[in-house]
Amino acid sequence: MNIKLLFKTTKAIYFGMLFSIMFFGSVIYFITPKEVWSYSFSSESALLPVGILLSIIAPFFSNWLYKKNLNNISTEISLNKKLIDFQKYSIQRYAIIEGTILFNLAIAFLLHTAISWLLGLVLLCFFYTFSPTKEKVIRDLNLNPKEQNDFLRELE
């Protein structure tokens, strides 16, 4: 697969996930009457504590898994294969955070808890920092100077 296509595909997946989360969160916010939002932690459902716990664990777990997987990429494989692995591990990272955000938004919708919606919003800001850039690819894959030049030349 072409390097430029791999990079563009990774960006398209990222932005697709980002905008779907934003759309879903906006729909939840606007279809729920403002007077029914609850700002308390008291809920008879176990979903709220689960959502809070996931919101705390997911960012750490996604970063740990992402870095662990990237460290396991052999320096001997081609740049193309490194980018395929980068894409695969990035999507895993995106999915963990996206799943947690969507879970919190579903809780917000079902239980009318503003806390869950706000947790989703905070995680969305965290998710926003994952945007794939040339610099992040070079840094995260720890590309050598030759690979950096090849990568940047392919993207032009």
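The values are calculated or read from the model by the stated rules, or taken from the named source; none is laboratory data. Bear in mind the structure is a predicted one, so any value in this text is a computation, not a measurement. Cβ: placed from backbone, ideal geometry, glycine included. Neighbour counts: every protein chain shown. SASA here: full protein model, heavy atoms, side chains in, ligands and nucleic acids out. Shrake-Rupley method; radii C 1.70, N 1.55, O 1.52, S 1.80 Å.
Structure values in brief
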| read-out | value |
| --- | --- |
| Modelled FRET efficiency - R0 30 Å, Gln148 with Ala106, Cβ distances, 0.05 increments | 0.10 |
| Those lysines that a straight Cα-Cα span of less than 17 Å connects to Lys8, excepting residues fewer than 8 apart in one chain | Lys81, Lys82, Lys88, Lys134, Lys136 |
| Solvent-accessible area per residue for the chain (1.4 angstrom probe, square angstrom) | 57 Å² |
| Of all accessible heavy-atom area on the chain, the percent that carbon and sulfur account for (1.4 Å) | 66 percent |
| Förster-model FRET efficiency, 41 Å R0, Ser131 and Glu35, C-beta, rounded to 0.05 | 0.70 |
| Globularity index of the chain, i.e. its alpha-carbon radius of gyration over 2.2 N^0.38 Å | 1.24 |
| Residues in region 112-148 that a label on Trp64 would reach, taking backbone N under 12 Å of a point 7 Å out along Cα→Cβ | none |
| Inverse of mean 1/r across different Cα pairs in region 83-155, Kirkwood, Å | 14.1 Å |
| Residue order for Thr75, Thr10 - accessible surface, 1.4 angstrom probe, largest first | Thr75, Thr10 |
| Percentage relative contact order, the chain, counting C-alpha pairs under 8 Å, at least six apart | 38 percent |
| Order of exposure, largest accessible area first, which applies to Trp64, Trp37 with probe 1.4 Å | Trp64, Trp37 |
| Per-residue [θ]222 nm for the chain (sum of -39500 (n - 2.57) over DSSP H runs n ≥ 4, rounded to 500) | -26500 deg cm²/dmol |
| Alpha carbon convex hull of region 38-113, projected area averaged over orientations, nm² | 5.5 nm² |
